[in-house]
Every structure is written in C-alpha cells, then in structure tokens.
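Step one of this worksheet: look at the structure below.
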Amino acid sequence: MIALARKTLVYEWRRFLPVVVSIGFSGVLLLVQAALVLGIFGSASLYVTASSGDLWVGYPGTQSVNFGRAVSPDLPMRLRMDPAVTAVEPYLWVDADWAAERSAGNVSVYVSGISTQRDAMMFSRLLPAALRERLREPGAVIVDPADLDTLAVETGGRAWINAHPVRVVGTLAGLRGLGGVNILTSLDTAAAIGGRGVDDGATYYLARTADAAAAQAAHDRLRRPDSRFGPYEVWTAQAFAERTQRYWLVDTGAGVAVLFMSIIVCAVGALITGQSLGAAIASSAREYATLNAMGLSRGTMVRVVLEQAAWLGGVGVVLAALAGTALLVVAHAHQVPVAMTPLVGLACVGVVAVLVLLSSVSAVRRQLDIEPAMLLR
Amino acid sequence: MPATHSWTTPDAGPHGALPTIEARALSKSFSTGAQRVDVLREVSVSVLPGELTLVAGPSGCGKSTLLALLSGLQAPDGGSVVACGEDLSTLSRRERERFRLKTSAFVFQNFNLFPALTSLEQVQLALSCMGIDRAESARRAQEALEEVGMGHRLRMRPAELSGGEKQRVAIARALAKQPRLLFADEPTSALDAASGQVVIDLLHRIARAHGSTVLCVSHDPRLLRHADRVIEMEDGSLLADRRLTPPPSPAASACAHPSAVSTAVSAAVSAALPVTPATPAISNP
C-alpha cells in the first residue's frame with residue numbers, strides 16, 4: 001500500500017509541526033523534571049555516592065546521612081575482624097555555624113571531616129588527591145564555588161566555624177547539598193569544630209571490601225548485633241544512599257511537593273500531547289472518511305493513524321532528547337543540581353511514547369465513528 | 001489511447017436487462033436533539049447499467065442521502081437496497097466496506113484527493129487497497145490517467161493542479177478500479193464550464209463504453225442535458241422519473257467501438273481543455 005501516513009507527514013510537515021513541538025515539549029518537561037528530582041535529591045546522598053566505601057556503619061535507624069550520631073570508637077575493630085573488609089575509615093559529620101569576616105550574620109553549614117590520605121574513601125569520586133592533601137593544613141576547608149557568595153568568602157579567605165578559625169584552601173564543584181552548605185575539612189579540624197575528643201567515636205565508619213559480592217556478604221555478617229561495640233547499624237553504600245534519598249523525597253514536605261509537581265508535569269504533558277495529536281488527527285477526518293468510502297476497513301484506518309502517531313512521537317522524542325540534553329548541559333554549567341541516568345532517560349522516552357499511544361488511540365476512536373457519507377457535500 | 005472494455009457481466013446491460021441497483025421503500029431520518037427529520041420517505045427506484053442516471057432536486061430534498069444509501073455509505077432505517085445482487089440493507093458496516101471496495105467508486109464535489117500524493121499515487125492507492133501489486137497498480141493507474149487526459153500530470157500533486165484536473169484525477173481513481181457502480185456527488189459544481197464538460201463526457205463514457213452504472217447527484221443544468229435519465233426529488237420523495245435518451249443496446253453499451261469512443265472522448269477532452277497556465281508548484285522549504 002502507498003505509504004500514505006509517511007508521505008502525508010513529510011509533505012504537510014507544517015500542519016504537523018505543532019504536534020511534534022508539543023510532544024517534544026512534553027518530553028523536555030519530563031526529562032528536565034526527572035533530572036531535577038534526581039539532581040536535587042541525589043545531592044542528599046552525595047556523601048555516599050561521591051565516596052567509594054562499600055559499607056557504611058552508623059547509628060541505628062539513621063534516616064539520612066545528615067542525621068548521623070556518634071557511634072562507638074571500637075567499631076573499626078569490629079569491622080576489621082571481618083575477613084572481607086580491607087580498609088576502614090572514619091567520617092565526622094558536624095552541624096555548625098559559619099561566620100565570615102565581611103558578613104554580619106551566620107550561615108548554617110554541614111562540616112564533613114574526612115581522611116586526608118591519598119587512598120581515602122570519603123569523596124574519592126569527587127575530590128582530587130592534590131586538593132585533599134591541602135586539608136592537612138590545620139583549619140583548612142574546601143567549599144563549593146557556588147557557595148562562595150553565600151559564605152561571603154573567597155578562595156584563600158578566612159572565616160570562623162563555631163568560632164574556630166578556618167581558611168578556604170580550595171573550591172570543589174559538585175559539593176552543593178540539599179538543605180545546607182557543605183564544607184570539607186580534615187578529621188582533626190572537624191573534631192575541633194565539633195568539640196570532640198580523640199577517643200570519641202566518628203559519626204560513620206566506612207569499610208572497603210574486595211568487590212560488591214564480598215560487600216554484601218560482609219554486610220550480612222556484620223549486621224548481626226554485637227553489644228560489645230554499642231548500638232550500630234550496617235548498610236551497603238547503595239542501600240544507605242537510597243535510604244537517604246527516599247527520606248528526602250517521601251518523608252519531607254519538599255519531597256512531597258516535588259513529587260506532586262512531577263505528577264502535574266506528567267498530566268500537563270499528557271494533556272498537551274493529547275490535545276495537539278487529537279487536533280492533528282481530527283484535521284485529517286476527511287481523508288480517513290475518503291479511505292473508508294473507497295472501501296478500506298476501519299482497521300486499516302486505525303493502522304494509518306497509529307503509524308502517523310508513531311512517526312510524530314518518534315520525531316517528538318528525538319526533539320525532546322536534543323532539547324532536553326542541551327538544557328541539562330546549560331543547567332549543569334550553571335551549577336543547577338541536575339542528574340540523569342540512561343535508565344531514567346529511557347523511562348522518560350517510554351512515558352512520552354505511552355502518552356502518544358494513548359492519545360492516538362483515544363483520537364482514533366473518535367474517527368472510527370465518522371460516517372463516510374459526510375463527504376457528500 | 002488504451003482500448004476500453006466493459007467491466008460489467010454480459011447480461012447486465014440496459015434496455016431490458018436487470019437493474020444493478022434496486023431500492024424498495026427506502027426510509028432514512030436524522031435526529032437533531034429532540035427533533036427528528038425524515039430525509040427519505042419510502043423511496044423506490046431502480047438504476048440500470050450502461051447509462052448516466054441523474055438525481056436532481058432542490059437543496060435538502062434528500063438526493064445525497066439517497067446516494068449514500070444506494071452506494072452503501074450508510075444503512076437505511078427502513079426498506080431495502082439490492083446492488084449487484086447484494087442486499088446492502090442487511091450488511092454490516094464491514095461488509096458494506098468490502099462491497100464498496102470490490103464494486104463501487106466515488107467522485108466527490110470536493111475531489112477528496114490526498115494532498116501528499118501525486119496523481120499516479122492517488123490512483124495507485126485505490127488499487128493497492130484492492131490487493132493489486134505495485135507494478136500492476138502503477139500500470140493501471142497510468143492507463144486510467146491517460147484515459148482522462150492526465151497522462152502528462154502523473155507526478156503532480158493536487159496543489160499543482162487546477163480544479164478540472166483534480167476532478168479528472170478523481171475520476172481516474174474511480175476508473176482504475178473498473179467499478180460496476182460509480183457514484184458521483186455534484187461532480188461539476190466546483191468546475192468551470194470547460195472542465196465541467198470534460199467531466200460530464202468522461203462520466204458518460206464510463207457508463208456507455210465501460211457499461212458501468214453511473215449515478216450522479218447534481219443540480220448542474222449541464223449534467224441535466226447530458227443525462228440519459230433524470231430522477232427528480234422533492235422533500236424526500238421521488239417527484240418524476242424521465243428518460244431523456246433511449247437506452248443503448250447491450251452490445252452498444254458494452255464494447256461498442258471502444259477505440260472510436262476513446263478517440264472521440266480523447267478529442268473531446270483535448271478540445272474542452274482550456275489553455276490555462278499551470279498552477280505554480282508550491283515549494284517546500
């Protein structure tokens with residue numbers, strides 16, 4: 001059969017351009033919304049995902065990384081007793097106040113005390129070794145460049161955290177977190193800022209294992225409670241990251257608001273797609289009626305309509321992918337918290353495809369009732 | 001010009017032969033809100049093959065509805081329609097679609113060509129719907145277009161054709177199917193005098209030379225003069241049924257002098273064609 005659907009789309013591209021743009025717009029809405037959700041709530045678990053620790057040990061019931069409490073200083077021994085564990089590292093979390101030289105007010109900050117060893121696990125995926133070494137200077141801190149204005153400081157400048165003098169020795173993009181400003185410093189500086197002694201336990205202990213399978217096995221062994229080491233809970237890195245993200249997404253007002261907004265975005269996208277596709281299909285009503293008058297079955301008409309919808313959806317999705325990618329690149333360049341994974345990208349494409357399919361099925365159902373007698377004047 | 005031939009069965013010619021369409025007590029009404037309008041009131045009519053039958057009447061008299069019922073585009077509320085041996089009034093929608101595909105062709109006032117298809121593709125589409133392969137459909141499509149004098153416009157799309165040329169492509173689309181029944185709804189209303197005359201001649205030829213049953217709805221006085229039979233309607237009923245020309249003999253209607261007819265019509269097509277400038281092609285960016 002003559003490729004009527006495709007030829008019509010190509011020849012009358014101006015008529016169908018609004019539909020393609022609408023589908024593309026819906027796709028961009030979905031992609032950007034998904035990227036923002038992943039980026040914003042992904043940053044809540046930045047401490048875990050930017051680190052290479054396979055296991056995290058912290059206070060039982062900790063809902064999110066930022067809610068950690070001190071655990072026993074003997075826990076490293078407990079971890080090293082497991083044959084799968086190859087390295088153990090402390091991590092200190094301190095809620096503190098930042099006061100700058102040229103600012104009257106204070107800023108709430110999250111201080112992360114990390115190891116300054118070259119092979120340290122904390123922030124190993126984000127922090128270059130050379131920059132990490134600068135933290136060996138007492139009072140040295142690293143901040144995100146996007147937070148310099150908030151902190152009213154520049155690189156090399158001085159400030160106070162909990163009245164403890166610090167100096168900004170460098171900046172690291174990608175440190176921006178959810179809910180507050182992140183500051184990196186050494187374990188010793190963090191302990192001083194937090195008023196902790198040498199014998200006080202860390203907020204978390206990270207453990208490295210040989211591989212993921214070993215990590216899971218070690219997790220299963222270590223999660224059995226041992227009262228000799230005080231209260232603690234063990235998570236795999238992935239589980240702890242998901243736990244943190246889930247808390248912010250589902251258990252906070254901000255998360256629920258974002259989820260609600262995502263639903264609205266999907267609904268708006270569906271409405272825009274449905275309306276424009278429906279209008280385009282309806283504008284071809286006479287052509288479908290002519291095909292039916294010629295003797296083509298309604299099943300054939302449906303195939304023509306769905307083929308057109310598939311082409312429109314395909315071009316719209318490509319447009320959405322290109323425009324969405326460009327937008328995300330621009331957002332990333334301006335330190336907007338966006339993140340995307342291939343799976344989420346494919347899911348967005350799938351949602352748009354489903355929207356197009358449902359819209360076209362809905363629109364074609366209306367066309368099935370068309371009487372070819374409408375062609376008679 | 002390709003030789004023409006009759007597509008009808010040998011015994012289906014006019015002048016005593018069986019009618020191809022027989023309608024008995026046809027009724028049809030439409031509801032608009034709470035109001036019900038009777039468009040056809042127990043209309044009975046028989047239509048013979050090999051001649052141009054015209055249904056005329058004022059606007060709203062029910063002639064288009066009668067055409068819709070006789071062609072199987074719609075089902076009647078009451079009465080029966082038997083066309084080519086099939087009782088259309090008892091067929092399901094799908095069965096009527098199959099009947100139209102196999103037996104009928106349509107020519108509409110607004111041409112109803114597909115904007116994206118060339119003249120050749122317009123006709124090929126109709127043939128491919130019938131399961132004819134691409135090569136054969138291309139051959140038959142070209143043949144049909146040449147028969148209506150559009151052999152030099154095969155690659156042009158409707159936007160590049162005049163009204164008369166579009167209608168000729170629509171007729172070629174109908175012709176290529178070799179239909180036993182051809183239904184035309186106001187085929188000349190949107191055309192100028194010269195183009196209209198070409199269309200009338202083509203419809204007449206399809207009836208006479210190919211033996212098809214050609215049923216037209218029109219109030220064009222030019223068609224009135226050329227019809228073999230005129231059925232007048234008013235207010236959903238038949239008012240008059242008069243024959244303007246004696247029905248041709250079965251032999252004359254089937255394959256009589258096909259080359260002569262073809263030559264004559266071809267000459268008529270050429271003579272009737274005005275020298276009009278080609279429609280400027282619309283360029284796509």
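Coordinate-derived values only; no laboratory data. Quantities reported herein were computed from a predicted structural model and do not represent experimental measurements. Because the Cβ atoms are built from the backbone with ideal geometry, glycine has one as well, and the counts that use them run over all protein chains shown.
Considering only beta bridges that DSSP places wholly inside the protein assembly as shown, some 65 percent are antiparallel. Sparsely packed loop sites in segment A:1-101 (the trypsin sites (Lys or Arg not before Pro) outside DSSP H, G, I, E and B with at most 15 other Cβ atoms within 10 Å) comprise A:Arg69. Scaled against 2.2 N^0.38 Å for its residue count N, the alpha carbon radius of gyration of the protein assembly as shown is 1.54.
If you take all other residues with their beta carbon under 15 Å from the beta carbon of B:Glu146, and give Lys and Arg +1 and Asp and Glu -1, the sum is +4. Dividing the summed helix terms, -39500 (n - 2.57) for each DSSP H run of n ≥ 4, by the number of residues in the protein assembly as shown produces a 222 nm estimate of -14500 deg cm²/dmol to the nearest 500. Protection proxy ranking, highest mean first, for peptides A:107-115, B:75-83, A:324-332, A:220-228: A:107-115, B:75-83, A:324-332, A:220-228, where packing is the per-residue count of other beta-carbon atoms within 10 Å, averaged.
Going by Cα centres, segment A:298-341 and segment B:162-217 are how many Å apart? If you average the Cα positions of each part, the centres end up 46 Å apart. Shielding of peptide A:294-305 by partners, expressed as the average count of other chain Cβ atoms within 10 Å per residue Cβ, is 4. Which of A:Lys7/B:Lys28; B:Lys28/B:Lys166; A:Lys7/B:Lys63; B:Lys63/B:Lys177 have a Cα-Cα distance over 27 Å? Where the Cα-Cα span goes over 27 Å, the pairs concerned are A:Lys7/B:Lys28; B:Lys28/B:Lys166; A:Lys7/B:Lys63. Debye sum, Cα scatterers, segment A:72-230, no solvent: what log₁₀ I/I(0) at q = 0.09, 0.10, 0.20, 0.21 1/Å? So the normalised log intensities are -0.33, -0.40, -1.21, -1.29. Using alpha-carbon positions, what is the distance between the centroids of segment A:235-251 and segment B:100-131, in Å? Measuring centre to centre over Cα atoms gives 62 Å.
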